[in-house]
Amino acid sequence: MRIIEEIKQQIAQALRAALETAKAKGLLQCQRVPEFIIEIPREKSHGDFAANLALVLAKEAKMPPRKVGEILLAQLDIAGGDVDRVEIAGPGFLNFYLRPDWLYRIPKIIFSLGDRYGSVSIGNGLKVQVEFVSANPTGLLHMGNARGGAIGDSLANLLAFAGYDVSREFYVNDAGNQIQLFGKSLDARYREALGETVAFPADGYHGADIADSARLYIAAYGDALLAEEAEVRERTLAEFALKDKISRIEKTLKDYGIVYDVWFSEASLYTDGKIKETVDWLLKAGHAYEREGAVWLKAPADSEEKDEVLVRSNGLPTYFAADIAYHRDKFQRGFDRVINIWGADHHGHVARMKRAVSLFGYDPDRLTVILMQLVHLMRGDEAVRMSKRAGTYLTLEELMAEVGYDAARYFFVMRNPDSQMEFDLELAKSKTAENPVFYVQYAHARICSILRQAKALGYGLPADPAALDYTVLREETELALLAKLADLPEEVANAALALEPHRLTVYVQELAAAFHLFYTHCRVNTEDAALRAPRLALSQAVAQAIRNVLALGRPCAGRNVSNQCV
RNA sequence: GCGCCUGUAGCUCAGUGGAUAGAGUGACGGAUUCCGAUUCCGGAGGCCGCAGGUUCAAAUCCUGCCAGGCGCGCCA
């Protein structure tokens with residue numbers, strides 16, 4: 001139920017009719033109705049809705065926009081709808097002022113939809129896959145993964161709420177060079193732990209977790225591997241540690257509120273023959289060729305790009321070849337749209353990937369890559385120094401232990417992925433007004449408290465909130481709060497279309513602010529029952545809306561804020 | 001050198017071509033006999049990096065420049 005959308009349609013239709021009438025009377029000249037927008041003005045004095053039709057029409061009509069506006073206004077028939085009056089303002093905007101009746105329908109809609117309030121159906125059940133985190137399984141999750149996890153999962157939740165059929169996927173890089181190096185590093189730690197002195201591989205993984213894995217293996221199976229060939233030791237240790245690491249990653253992400261639909265193994269692309277099949281197809285289609293014992297993907301003839309290696313001269317496919325096979329498989333699985341969340345350091349890969357997708361006949365616009373910039377970790381004014389090479393970096397597990405997962409997710413989602421962001425650990429764990437998470441949660445807690453109070457005072461809660469008379473809510477702060485509530489479905493639709501979950505954090509803070517303002521001006525638990533009941537219900541509706549938005553960030557998966565007050 | 005991202009209040013950041021550019025925070029000044037003051041209100045604080053262009057209208061679109069970040073492997 002998108003009441004704002006309905007009203008916009010109502011206004012747009014009246015405007016189109018006015019334009020037709022004006023044309024018929026010879027007052028205005030234009031070929032067809034131009035694109036125009038109806039928006040909610042920032043400035044309250046500019047009405048509830050504003051249309052720019054006169055401005056976009058001015059040129060073709062060969063008249064000043066203000067004059068066009070006057071003509072349209074004279075022909076506008078608004079009788080019978082929600083519009084109370086229309087004014088022309090500024091350069092020629094038509095400002096629509098509505099009777100507040102439409103706002104009084106909002107609480108009823110919220111109560112009838114409950115936790116579905118705000119959901120829209122713009123997705124039409126389109127199948128969308130969101131692939132995110134896909135961290136290298138040889139290590140622990142870092143801040144980049146934390147940001148990607150928060151953004152990816154919130155985006156997936158948002159798209160589902162907007163009517164898409166969403167699948168969450170983790171691509172497990174359990175094959176290729178880094179797994180061999182992983183095995184060598186493990187082997188070194190294994191032998192070290194058993195008393196040998198070994199030279200650590202030059203580019204090996206230095207993290208303490210590697211030694212942990214080696215010790216874990218020893219605890220389970222002892223030193224029998226020492227008798228085996230190096231290759232066997234490395235492979236066995238890598239397999240063992242990988243299994244352990246992946247289940248730890250899965251658990252960490254689950255604690256972070258993320259549950260995947262699919263864990264897709266890169267190694268399976270080798271064993272299923274999908275990489276070979278893909279490379280063969282490209283060779284056969286003439287998009288790839290062999291040179292110096294390697295297989296190369298041709299760059300487009302009209303570009304400056306270089307050809308890329310798909311299969312090395314040693315016969316092993318590159319990551320790029322595996323990724324092409326993987327993306328081909330995604331589309332073969334029937335996804336209408338594929339969204340990847342990648343770190344900005346992979347941006348050079350985006351154009352190549354989209355081109356590869358198009359070689360298989362898929363529209364490259366069906367693949368969207370959201371790149372996220374770096375996270376700078378701060379502790380107050382001090383930067384937290386981290387070195388991935390030395391294995392000293394803050395892990396997602398440590399982050400959650402320090403600031404809690406709800407604050408962590410909210411902070412990451414709050415920022416546009418395009419921007420480098422600062423993450424201040426001190427701020428995130430502070431339970432003060434400085435912290436936006438607590439500002440929103442406080443609004444919800446305050447509502448719960450008001451509802452408890454109503455029961456304690458013997459008032460009780462409205463038995464049938466949908467049947468109440470809301471027309472007694474006439475205070476400015478009450479109307480503003482209702483209008484803010486009405487906005488949620490629009491915010492969801494716009495955020496989903498733009499793939500920008502961070503917009504909802506802006507919205508929910510505004511909603512919380514509108515509630516706090518209402519609270520300071522209007523006493524809810526007043527003795528006047530005719531006023532008290534709709535105010536209690538309004539508060540309940542706000543709590544519902546807050547929960548619905550926060551649920552998109554899933555900060556409340558286990559211990560949630562819902563149902564604490566009905 | 002080429003490519004991608006960013007540049008908005010002291011700081012952290014919103015801002016889907018629209019009217020007087022916003023929020024939080026910091027500093028300053030106020031508000032509570034009463035539902036959680038973790039709240040609310042107020043003024044102060046801006047060449048929207050710079051310069052052109054497109055448009056009735058530009059923080060937003062285009063071009064160039066400056067600054068910061070990240071890429072440009074038979075790594076992933």
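Read-outs: derived from the displayed coordinates by stated rules, not from any lab. What you are looking at is a predicted structure, and each value in this text was computed from that prediction instead of being measured. Note that we place each Cβ from the backbone using ideal geometry, even for glycine, and neighbour counts take in every protein chain shown.
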*Hydrodynamic radius of the stretch A:112-247 per Kirkwood, over alpha carbon pairs, in Å*: 17.4 Å
*Collect residues whose amide H, placed 1.01 Å from N in the peptide plane, falls under 5 Å from the amide H of residue A:343; neighbours closer than 5 in sequence don't count.*
A:372
_Cα convex hull of the stretch A:466-550, projected area averaged across orientations, nm²_ = 5.5 nm²
*Inter-site label distance for residue A:198 and residue A:124 at 7 Å from Cα along Cβ, in nm*: 5.8 nm
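Sum -39500 (n - 2.57) across every DSSP H segment of at least 4 residues in chain A, then divide by the residue count to get the 222 nm mean residue ellipticity, nearest 500.
The per-residue figure over chain A is -16000 deg cm²/dmol.
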*Hey, could you pull the Cα Rg and Dmax for the stretch A:270-373, both in Å?*
13.6, 38
*For the stretch A:446-489, restrict the atom set to alpha-carbon positions and state the Rg and Dmax in Å.*
12.7, 35
_Derived scalar couplings ³J(HN,Hα) [the stretch A:501-514; Karplus, 6.51 cos²θ - 1.76 cosθ + 1.60; whole Hz; x for Gly, Pro]_ = x, 5, 4, 6, 5, 5, 4, 5, 5, 5, 5, 4, 5, 5
*For the stretch A:323-383, what is the convex hull (Cα atoms) projected area averaged across all directions, in square nanometres?*
5.2 nm²
*Highest average packing first - A:341-349, A:38-46, Cβ atoms within 10 Å*: A:341-349, A:38-46
*Give me the net charge of residue A:198's neighbourhood, meaning all other residues with Cβ under 11 Å from the Cβ of residue A:198; Lys, Arg count +1, Asp, Glu -1.*
0
*Sort all Cα-Cα distances of chain A into consecutive 10 angstrom bins from zero, then give the percent of pairs in each bin up to the one containing the longest distance.*
3, 14, 20, 21, 18, 12, 8, 3, 1, 0
*With N denoting the number of residues in the stretch A:87-133, provide Rg(C-alpha) divided by 2.2 N^0.38 Å, to two decimal places.*
1.97
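Charges at C-beta only: +1 for Lys and Arg, -1 for Asp and Glu. How large is the resulting dipole of chain A about its Cα centre, in Debye rounded to 20?
Computed about the Cα centre, the dipole is about 1200 debye.
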_Dipole axis of the stretch A:1-151 (+1 Lys, Arg; -1 Asp, Glu on Cβ), positive-most option in A:15, A:28, A:89_ = A:28
*Could you pull out the GluC sites (Glu not before Pro) across the stretch A:150-219 that fall in loop regions by DSSP (anything but H, G, I, E, B) with no more than 15 other Cβ atoms inside 10 Å?*
A:196
*With 10 Å bins from zero, work out the P(r) of the stretch A:340-452 over every alpha carbon pair and list the percent per bin.*
12, 31, 27, 18, 10, 2, 0
*Can you work out D for the stretch A:1-67 in µm² s⁻¹ from Stokes-Einstein, where Rh is the Kirkwood radius over C-alpha pairs, the temperature is 20 °C and the viscosity is 1.002 mPa s?*
166 µm²/s
*For residue A:374 and residue A:294, what is the calculated FRET efficiency with R₀ set at 41 Å and r taken between the beta-carbons, to the nearest 0.05?*
0.80
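For a Förster distance of 45 Å, can you work out the FRET efficiency between the beta-carbons of residue A:112 and residue A:180, rounded to the nearest 0.05?
Working: r = 59 Å, r/R0 = 1.30.
With R0 = 45 Å, the Cβ-Cβ based efficiency is 0.15.
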*Which residues' amide hydrogens lie under 5 Å from the amide hydrogen of residue A:369, considering only partners 5 or more residues apart or on another chain, with H built in the peptide plane?*
A:340
_Taking every pair of distinct Cα atoms and averaging 1/r, then inverting, what Kirkwood hydrodynamic radius in Å comes out for the stretch A:35-109?_
13.1 Å
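If you take every residue apart from residue A:185 with its C-beta less than 11 Å away from the C-beta of residue A:185, what net charge results, scoring Lys and Arg +1 and Asp and Glu -1?
-3
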*Compute from the Cα atoms of the stretch A:395-434 the Rg and the Dmax, the latter being the longest Cα-Cα distance, and quote both in angstrom.*
10.2, 28
*Among the DSSP beta bridges whose two residues both lie in chain A, what percent are antiparallel, rounded to the nearest 5?*
50 percent
*How big is the Kirkwood radius of the stretch A:245-320, worked out from every pair of different alpha carbons and given in Å to one decimal?*
14.9 Å
*Could you pull out every residue, at least 5 positions away or on a different chain, whose amide H is within less than 5 Å of the one on residue A:166? Hs are placed 1.01 Å off N in the peptide plane, and Pro or chain starts have none.*
A:128
*Return the distance in nm (one decimal) between the two label points of a simple spin-label model at residue A:5 and residue A:526, each offset 7 Å from Cα along Cα→Cβ.*
3.5 nm
*When the chain is fully extended, how far beyond the present Cα-Cα distance does residue A:312 get from residue A:254, taking 0.36 nm per residue of separation?*
17.2 nm
*P(r) weight above 17 Å for the stretch A:1-134, C-alpha pairs, percent*: 64 percent
_Compute the orientation-averaged projected area for the stretch A:247-286 from the convex hull of its Cα atoms and round it to one decimal in nm²._
4.0 nm²
*Tell me, what HN-Hα J-couplings in whole Hz come from the Karplus equation 6.51 cos²θ - 1.76 cosθ + 1.60 at θ = phi - 60° for each residue of the stretch A:132-141, using x for Gly and Pro?*
8, 6, 6, 5, 4, x, 7, x, 9, 6
